[in-house]
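Engineer: This is the structure, below, for whatever I ask next.
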Amino acid sequence: MESEVRSMETIKATVESLDEKYFIQIETGEEQIKIPMSEDKPNEVKSAFNKLIARIKDGEFQIELEEISDDLFSQVASEYVTQLNREIQEVYGEMEHYDLIKD
Amino acid sequence: MKIDIHTHTKKCKSGDAHTREISPEDFCETILSTEVRIIAITNHNVFDLNQFKEIEAGLGQEDVQVWPGIELDVQEDASRGHLLVIVSPSRVQEFSDVVEELTNGHHPDNFTATIDQILLKFDSITPLYVAHYMQKKPNISDNAIEKLVAESQNPSCVIKEVSNSISAGIYISHGHASIYGSDIQDWAKYEELSHDLPDLRLPVDSFEHFCLLLEKDQITINTLLDRKTSEELILLPFDDNSSLEIKGFNDINVVFGSKGTGKSCILKSIAKHYSENGIDTKVYESASDKLDDIFDTKGRDLNIDLKDYGIDYCTNNVNFLRTVGEVDVTSLSKYAAFFKVKSKNRNAKKILLRDIDPEDESGRKREFLDFNDATKTTAEFLKFLAGDQSVQEELEEEELAEVTRILSELFARLSRRESTKFSEWKEVYLLNSAIKIFRSEVARKTGTQAKPTTTGFRDYAMNRIEIEVNANKIIQNAETEIPMQCEPLGSLGSDKGDLEFRTEFQFQNGAITDGTLASLKGIKKGTQKNFVNRVRKILTHAYSDDLFQHIAELKAIEDVEDIDTVYELLLFRRYFALDGHQYSPSSGEASMVMLQKELGTDKDVYILDEPERSLGNEYINDVIVPLIKEHALAGKKVFISTHDGNIAVRTLPYSSIYRCHDSSGYRTYIGNPFSNNLINLEDDKDQLDWKMISMRTLEGGAEAFGERGKIYGDN
């Protein structure tokens, strides 16, 4: 019997800096999601999370961080994305349970 | 139970239609398809004994009486008319012999007999004579009938056959005993035609019994009345504490008399009697101005159970939205702080647990909950199987044991999986808790930032998901349509149609502005509307940055605390409708509606005080009288105080209580239409003629007799 398992999509992310401000930039296709790392901006993080949730509705995915170096923000981004991937998986499971994933 | 004293089974005369011919089998089948339970066979100048016996045998197992008879051509005083001669089935052989002897050698077309010949031949076998009268052609002259009455040994058994029920009533009101039969022309139409045949108000056991009723034989009538369930009521209806003893039949009991003679007091005391004996009873009085109160059109006591329509009250969901708050996310500076200062503490490095990543806990929890649900449901079903009578009746013992065995096995396996899943969930929970505590402790002891265990995304997202799920549930339930409730109230007459009382329920959907809809729980309509619109906004903005602005607006709605469930979002409209359109009944129609509601409610005892008030004769005849009769037939007790002849006469009450007043004081008479007398309770020698009193006292009394006032026949 043919398997109907959907392959999980991978979304690229990079550590970007602008005017000495660092952030994780996630490329979801339609729009960029930016998570500030060098400043405490919870509303911007929440806004980024909202976009991620909306993206989960389209299907499960994992974020892959590219061009990781040894600098502080690369380490932060790496750890953050690792945790985020695990949590995206959990949230996807929950949304699937409530039938909130688009067909 | 209907009676037909005039039928034909054969084409005897050349002028008879061939459609009068019917075989014994078809005859039996036709009669059994109707409510006719007494039928006389009266062919023209012929009696066919063999055919009669075939029919009698065919109906032998059924509750149908067949009476032998003949329709004779009578020549008297130079006029020719028809006379039915009907006898008891027990005398059929003698009857057949007499007919044979009388008609021998004559063709039915040519046969005639005189009254003298008929009396000579038939009177000894005590027949019932039914003479064609007036409009029933060819009729017997008054002289010939008088002779029959004068010379028969059973004068009460001479009755007149008229053309229809109206004629029958007219003649009986003038002292003529009369009846009518089908005189069937076409058996194909008999079933339909039988609906108009006379009903027997009293049960008639036999031909002889019928004749005794014609004589108004008191013992026979009392015996029949005694067969009916009744009870003695001892009442104290009047201020002077004088008692009144009456017999209340499980049938129609009428109280009549002039105004101011205490009829309402009697009804109230009857109601009191039954209430004291545990039967919830009250006197119905027409009050057309209270229609809105009686039907609660304002919905003061209106409620509805949403579960009956598969609608959830959403109590938890509403409460959740009213109390939910935003979930914070982990500050990224904590990550930066962690990576900036690497721990130099050797002991801290040994605690490897702090570097382990937490695991997915919610997935494990969901798996456990799924098995937990399945285990519980299986256990409940096993319990149901063990205790349900229907299941045990349907399944054989072995089958039930097999089903129980399989389900028990399933239950055991599910329980094991449930335990395993619970352990797995709690293992992860313990692990994650340990990681969190160790990290926090290491940070505290070393004074360095611990690595955050979560970005906060999980909890943040879960909160939003929960908001969406709750808002969606409220909207979905509030969008469920509730079917309109229609209470049929009956007919307002053939020219108007059927009236019903409607109750419509509708949830405020955020756009309803219809002023005819009222709030069921009295919540302000603006509050309802704002609430629904805010919930809709919350739903569409569940993953937007401004979600909590909408939630704040919801919480700020004036009187929002009054809305605890979707029930508080209900609107309703109650109204009367005629043939589907909103309608305001007039005062008379309001009376109709209330009386029909009263009679449409299932009760053991109905007590109606002047139900005819504000109602037209046609409505009383066509709607109310049949309803009252229906209750009587079902063995209900119906007590009616009335001034209306249509009710007091046409229902042929088992008991009539007549109240009157003159200079000597109040008197109470009790009687019935069958014996046609009313007896003074204090002096049994003081007797009144039931028919005469009814005609004199009741409005439309004479007309009521004019139509249908027969003791034995009524339709």
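Engineer: B:I279 - would you say it is away from chain A (no Cβ under 14 Å) and exposed (fewer than 15 other Cβ atoms within 10 Å of the Cβ)?
Structural biologist: Against the criterion (away from chain A (no Cβ under 14 Å) and exposed (fewer than 15 other Cβ atoms within 10 Å of the Cβ)), B:I279 qualifies.
Engineer: Under 9 Å between Cβ atoms, which residue pairs at least 6 apart in sequence (or on different chains) link something in segment B:458-470 that is buried (at least 20 other Cβ atoms within 10 Å of the Cβ) with a partner that is basic (K, R)?
Structural biologist: Listed pairs, sorted by first residue: B:R458/A:R86; B:Y460/A:K46.
Let's see how each residue does on (1) closer than 30 Å to B:R502 by Cβ; (2) among the aliphatic types (A, V, I, L, M); (3) more than 11 Å from chain A (Cβ to nearest Cβ); (4) in contact with a Lys or Arg (Cβ under 6 Å, 6 or more places away or on another chain):
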residue: B:S440; (1), (2), (3), (4): no, no, yes, no
residue: B:R444; (1), (2), (3), (4): no, no, yes, no
residue: B:A450; (1), (2), (3), (4): no, yes, yes, yes
residue: B:F457; (1), (2), (3), (4): no, no, no, no
residue: B:M462; (1), (2), (3), (4): no, yes, no, no
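Engineer: Which residues, counting only those in segment A:72-103, are without any contact (Cβ under 8 Å) to a residue 40 or more places away in the chain, more than 9 Å from chain B (Cβ to nearest Cβ) and not in a helix (DSSP H, G or I)?
Structural biologist: Answer for segment A:72-103, where residues must be without any contact (Cβ under 8 Å) to a residue 40 or more places away in the chain, more than 9 Å from chain B (Cβ to nearest Cβ) and not in a helix (DSSP H, G or I): A:D99, A:D103.
Engineer: Continuing with this model, one more query. Any chance segment B:472-481 includes a residue that's part of a helix (DSSP H, G or I), within 14 Å of chain A (Cβ to nearest Cβ), touching a residue at least 24 places away in the same chain (Cβ under 8 Å) and more than 24 Å from the chain's Cα centre (by Cα)? It would help to see each step written out before you state the result.
Structural biologist: Residues of segment B:472-481 part of a helix (DSSP H, G or I): B:472-478.
Pick out the ones that are also within 14 Å of chain A (Cβ to nearest Cβ) and you get B:472-473, B:476.
Going one step further and asking which of them are touching a residue at least 24 places away in the same chain (Cβ under 8 Å), we end up with B:472-473.
In the following step, the residues that additionally are more than 24 Å from the chain's Cα centre (by Cα) were identified as B:472-473.
Scanning segment B:472-481, I find at least one residue that is part of a helix (DSSP H, G or I), within 14 Å of chain A (Cβ to nearest Cβ), touching a residue at least 24 places away in the same chain (Cβ under 8 Å) and more than 24 Å from the chain's Cα centre (by Cα), so the answer is yes.
Engineer: Here is a follow-up. Can you pull out the residues in segment A:12-31 that are within 12 Å of the chain's Cα centre (by Cα), of a type outside the set (G, A, S), surrounded by 14 or more Cβ atoms within 10 Å (Cβ to Cβ) and in a strand (DSSP E or B)?
Structural biologist: If the condition is that a residue be within 12 Å of the chain's Cα centre (by Cα), of a type outside the set (G, A, S), surrounded by 14 or more Cβ atoms within 10 Å (Cβ to Cβ) and in a strand (DSSP E or B), then A:T14, A:I24, A:Q25, A:I26, A:E27 are the ones that fit.
Engineer: Would a scan of segment B:610-628 turn up a residue that is modelled with pLDDT of 85 or more, surrounded by fewer than 20 Cβ atoms within 10 Å (Cβ to Cβ) and touching a helix residue (DSSP H, G or I) at 6+ places or on another chain (Cβ under 7 Å)?
Structural biologist: Checked against the condition, which is being modelled with pLDDT of 85 or more, surrounded by fewer than 20 Cβ atoms within 10 Å (Cβ to Cβ) and touching a helix residue (DSSP H, G or I) at 6+ places or on another chain (Cβ under 7 Å), segment B:610-628 yields at least one hit.
Engineer: Anything in segment B:484-519 that is out of contact with any strand residue (DSSP E or B) (no Cβ under 7 Å at 6 or more places or on another chain), among the polar types (S, T, N, Q) and either in contact (Cβ under 8 Å) with a residue 40 or more places away in the chain or closer than 20 Å to B:Y309 by Cα (or both)? List them, or say none. Talk me through it step by step, then tell me what you get.
Structural biologist: Here is the first cut: in segment B:484-519, the residues out of contact with any strand residue (DSSP E or B) (no Cβ under 7 Å at 6 or more places or on another chain) are B:493-495, B:509-511, B:513-515.
Right, trim to among the polar types (S, T, N, Q) and you get B:494, B:509, B:513.
Scanning segment B:484-519 gives B:S494, B:N509.
Engineer: If you go through segment B:4-53, how many residues are in contact with a helix residue (DSSP H, G or I) (Cβ under 8 Å, 6 or more places away or on another chain) and assigned to a strand (DSSP E or B)?
Structural biologist: Residues that pass the stated criteria total 5.
Engineer: Return the pair list, or none, for Cβ contacts closer than 8 Å from residues in segment B:430-444 that are closer than 11 Å to B:E361 by Cβ and touching a residue at least 60 places away in the same chain (Cβ under 8 Å) to residues that are surrounded by 14 or more Cβ atoms within 10 Å (Cβ to Cβ) and among the charged types (D, E, K, R), at least 6 apart or on different chains.
Structural biologist: Filtered contacts from segment B:430-444: B:L431/B:E359; B:N432/B:E359; B:N432/B:E361.
For every residue, the table says whether it meets (1) under 30 Å from B:C157 (Cβ atoms); (2) under 33 Å from the mean Cα position of the chain (by Cα); (3) not aliphatic (A, V, I, L, M).
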site	(1), (2), (3)
B:L193	yes, yes, no
B:L202	yes, yes, no
B:C211	yes, no, yes
B:T220	yes, no, yes
B:S243	no, no, yes
B:F249	yes, yes, yes
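Engineer: Also, I was wondering about something else. Could you list, in sequence order, the residues of segment B:86-140 that are under 51 Å from the mean Cα position of the chain (by Cα), more than 16 Å from B:F207 (Cβ to Cβ) and outside any strand (DSSP E or B)?
Structural biologist: Within segment B:86-140, B:Y133, B:M134, B:Q135, B:K136, B:K137, B:P138, B:N139, B:I140 meet the criteria.
Engineer: So which residues in segment B:552-606 are surrounded by 16 or more Cβ atoms within 10 Å (Cβ to Cβ), of a type in the set (V, I, T) and either without any contact (Cβ under 8 Å) to a residue 24 or more places away in the chain or under 30 Å from B:F249 (Cα atoms) (or both), if there are any at all?
Structural biologist: Across segment B:552-606, the qualifying residues are B:V593, B:V605.
Engineer: I'd like to check something: does segment B:590-601 contain any residue that is over 21 Å from the mean Cα position of the chain (by Cα) and among the polar types (S, T, N, Q)?
Structural biologist: Step one: filter segment B:590-601 for residues over 21 Å from the mean Cα position of the chain (by Cα), giving none.
Checking segment B:590-601: not a single residue is over 21 Å from the mean Cα position of the chain (by Cα) and among the polar types (S, T, N, Q).
Engineer: How many residues are away from chain A (no Cβ under 14 Å), modelled with pLDDT of 90 or more and surrounded by 13 or more Cβ atoms within 10 Å (Cβ to Cβ) if we restrict to segment B:321-362?
Structural biologist: Residues in segment B:321-362 being away from chain A (no Cβ under 14 Å), modelled with pLDDT of 90 or more and surrounded by 13 or more Cβ atoms within 10 Å (Cβ to Cβ): 3 in total.
Engineer: How do the pairs read when you match residues in segment A:31-44 that are among the β-branched types (V, I, T) with residues anywhere that are modelled with pLDDT of 90 or more, using Cβ under 6 Å and keeping only pairs 6 or more apart or on different chains?
Structural biologist: What qualifies is A:I33/A:I26; A:I33/A:A48; A:I33/A:K51; A:I35/A:F23; A:I35/A:I24; A:I35/A:V45; A:I35/A:A48.
Engineer: While we're looking at this one, here's another question. What are the pairs with Cβ atoms under 7 angstrom where one residue, in segment B:43-56, is over 18 Å from B:I184 (Cβ atoms) and the other, located anywhere, is in a loop (DSSP other than H, G, I, E, B) and among the acidic types (D, E)? Sequence gap at least six, or different chains.
Structural biologist: none
Engineer: Another question, if that's okay. Go through the residues of segment B:57-71 one by one and say whether even a single one is over 30 Å from B:E146 (Cα atoms) and not in a loop (DSSP other than H, G, I, E, B).
Structural biologist: Yes.
Engineer: Can you give me the number of residues within segment A:32-45 that are at the interface with chain B (Cβ under 8 Å from one of its Cβ atoms), modelled with pLDDT of 90 or more and surrounded by fewer than 21 Cβ atoms within 10 Å (Cβ to Cβ)?
Structural biologist: Qualifying residue count for the region: 3.
Engineer: The conditions are (1) surrounded by 18 or more Cβ atoms within 10 Å (Cβ to Cβ); (2) over 23 Å from B:E101 (Cβ atoms), and B:H44 fails exactly one of them. Which is it?
Structural biologist: Checking B:H44 against (1) surrounded by 18 or more Cβ atoms within 10 Å (Cβ to Cβ); (2) over 23 Å from B:E101 (Cβ atoms), the one that fails is (2).
Engineer: Further question: Give the residues of segment A:56-71 that are facing chain B (nearest Cβ under 10 Å) and either in contact with a His (Cβ under 6 Å, 6 or more places away or on another chain) or in a helix (DSSP H, G or I) (or both), sorted by residue number.
Structural biologist: Residues satisfying the conditions are A:I56, A:K57.
Engineer: Let me ask another. Mind counting the residues in segment B:661-692 that are outside any strand (DSSP E or B) and over 19 Å from B:F639 (Cβ atoms)?
Structural biologist: Residues flagged as outside any strand (DSSP E or B) and over 19 Å from B:F639 (Cβ atoms) within segment B:661-692 amount to 7.
Engineer: Next question. Look through segment B:512-553, keep the residues that are of a type in the set (S, T, N, Q) and over 50 Å from the mean Cα position of the chain (by Cα), and return whichever of them is nearest to A:L52 (Cα to Cα).
Structural biologist: Only one residue fits best here, namely B:S544.
The values are calculated or read from the model by the stated rules, or taken from the named source; none is laboratory data. Since this is a predicted model, take the numbers as computed values, not measurements. Glycine also receives a Cβ, built like all others from the backbone with ideal geometry; neighbour counts cover every protein chain displayed.
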